[in-house]
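These notes are about the structure you will find just below.
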Ligand SMILES: Cc1cc2nc3c(=O)[nH]c(=O)nc-3n(C[C@H](O)[C@H](O)[C@H](O)COP(=O)(O)OP(=O)(O)OC[C@H]3O[C@@H](n4cnc5c(N)ncnc54)[C@H](O)[C@@H]3O)c2cc1C
C-alpha cells in the first residue's frame, strides 16, 4: 500500500480500510465511481482518527449509510468514505425511551421494534436506509417522520473527535432536512415510542409494504423520491404533468410506476441520472414556475451539466 493516506488510515483505524472501493456497489442507484478510501469504523476513536487524517491531508469525508439517498458522480469521491460497522447496531431499551444504533437498517429496526411492542416506527419498514441516514435526512413516510419520536442523538464530531449528545430541538429538523453539521456522524439515536399490540403493528407494516409494492418501483435500482415536494404540491404530479414518466437519458429513466422515481439499468452512469434530473427540473420550471429541489444527496463533482 503506497498511498500515505491509506497507510495512515490503516495504522490508526481498527476497522476495514480499502482504496478505490466502488461506491456504485454501496448505493441503491448503482451508479458512480470509486472513493479514494473507504473506512468501516467500529469505534468512536476510529471516527476521530478518520477526521484527523482527512484534515491532515486536506481531504473531505462523506458518510455512507445504505446509500439509498446518494447519487455519487462518475468520477467518484476524492476523499474518504465512511461507513459505520456492526458495533454501531443495537436496540437498547432505556425505560420510557429506546436507544438505537445508527448503523441499523430501518426495515429491520421496524420489524424488531414491532416484535418488542414499540409502536410509531412502522412507517420506516419500507425505507431502505440506516437510522443515521434517516436522522440526517429527517426521513419519513405515510404521515410520520423520524423527528416525531426523536429525543436526542449521539454524534461524533470529525473535526475534533468529541462525542456529543444533541437534543432533538437543536437538530433543525424540517421536511427531509436537518441542520446537522457536516462533521457530525450520528452514532445512535434515542426515540420515545408508544407501546402497542405486536400483531397490530405487524399488520400495519404489511399494509405499508403492500402499498409500496403497488405504487412504487421496488425491484429496480433507485434512490426513492428524487425531488422533495414543493409546498402544497407533489413533485411526482408535476413531473407526470410535463410528460416526464418514461423519459430516459442513457440508462436512467423516470419510472412508469411513480414519476418521482428515477430508475437505472445496468450501464447507466451518474451523468445520465444527473442530466435527467436537470431536464425534469427545466421542464417543470417552464410549466409551473417552480424549480424542483433534489432530495437525493449528490456526492462528488457534478460541475457538468449544471448546478441544481
Ligand atoms: C426504494 C426507496 C424508497 C425510499 N423511500 C423513502 C421514504 O419513504 N421516505 C424517505 O424519507 N426516504 C426514502 N428513501 C430515501 C432514503 O432511504 C432515506 O433518505 C434514508 O434515510 C437514507 O438513509 P441511508 O442510510 O441510505 O443514507 P445515505 O443515502 O447513505 O446518506 C444520505 C445522507 O445521510 C448522510 N448520512 C448517512 N449516515 C449518516 C450518519 N450515520 N451520520 C451522519 N450522516 C449520515 C450521508 O452522508 C448523506 O448526506 C427511499 C429510498 C429508496 C431507494
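The values are calculated or read from the model by the stated rules, or taken from the named source; none is laboratory data. These figures come from a predicted structure and were not determined experimentally. Note that each Cβ is placed from the backbone with ideal geometry, even for glycine, and that neighbours are counted across all protein chains shown.
Of all the strands (runs of 3 or more DSSP E) wholly in segment 103-193, which have at least 2 residues that are touching a strand residue (DSSP E or B) at 6+ places or on another chain (Cβ under 8 Å) and under 19 Å from residue 86 (Cβ atoms)? Talk me through it step by step, then tell me what you get.
Details: elements: 150-157, 163-167, 184-191.
The qualifying strands (runs of 3 or more DSSP E) are 150-157, 184-191.
Scanning segment 49-82 for residues that are near the ligand (Cβ under 9 Å from one of its atoms) and in a loop (DSSP other than H, G, I, E, B), we see that the one that is nearest to residue 39 (Cα to Cα) is 64. Of all residues in segment 94-117, those satisfying the criterion of being farther than 16 Å from residue 206 by Cα and more than 17 Å from the chain's Cα centre (by Cα) are 94, 95, 96, 97, 98, 99, 116.
Applying a threshold of 7 Å to beta carbon distances and a minimum spacing of six or more residues, or different chains, the list of pairs starting in segment 152-165 at a residue that is over 18 Å from residue 131 (Cα atoms) and ending at one that is assigned to a strand (DSSP E or B) reads 158/61; 158/185.
For residue 233, the criteria (1) assigned by TED's automatic domain parsing to the domain that holds residue 98; (2) farther than 27 Å from residue 81 by Cα hold in every case but one, which is (1).
Would you confirm whether any residue within segment 40-59 is closer than 26 Å to residue 252 by Cβ and out of contact with any helix residue (DSSP H, G or I) (no Cβ under 6 Å at 6 or more places or on another chain)? So far as segment 40-59 goes, no, none of its residues is closer than 26 Å to residue 252 by Cβ and out of contact with any helix residue (DSSP H, G or I) (no Cβ under 6 Å at 6 or more places or on another chain). Taken over segment 198-245, the residue count meeting the criterion of being over 19 Å from the mean Cα position of the chain (by Cα), surrounded by 18 or more Cβ atoms within 10 Å (Cβ to Cβ) and in a loop (DSSP other than H, G, I, E, B) is 2. The residues in segment 83-138 that are within 10 Å of the ligand (Cβ to nearest atom) and closer than 15 Å to residue 195 by Cβ can be counted, and the count is 0.
Across segment 211-227, which residue is nearest to residue 69 (Cα to Cα) among those that are touching a strand residue (DSSP E or B) at 6+ places or on another chain (Cβ under 8 Å) and within 11 Å of the ligand (Cβ to nearest atom)?
Of the residues in segment 211-227, the ones touching a strand residue (DSSP E or B) at 6+ places or on another chain (Cβ under 8 Å) are 217, 220-223, 226-227.
After this cut, where a residue has to be within 11 Å of the ligand (Cβ to nearest atom) as well, the list is 217, 220-223, 226.
Values: 217: 15, 220: 14, 221: 11, 222: 9, 223: 5, 226: 8 Å.
So, considering only residues that are touching a strand residue (DSSP E or B) at 6+ places or on another chain (Cβ under 8 Å) and within 11 Å of the ligand (Cβ to nearest atom), the one nearest to residue 69 (Cα to Cα) is 223.
Given the structure, is residue 224 out of contact with any helix residue (DSSP H, G or I) (no Cβ under 9 Å at 6 or more places or on another chain), farther than 28 Å from residue 303 by Cβ and not assigned by TED's automatic domain parsing to the domain that holds residue 112? No; evaluated as a whole, the condition is false for this residue.
So is residue 172 away from the ligand (no atom under 11 Å from the Cβ), surrounded by fewer than 14 Cβ atoms within 10 Å (Cβ to Cβ) and modelled with pLDDT of 95 or more or not? Criteria met by residue 172.
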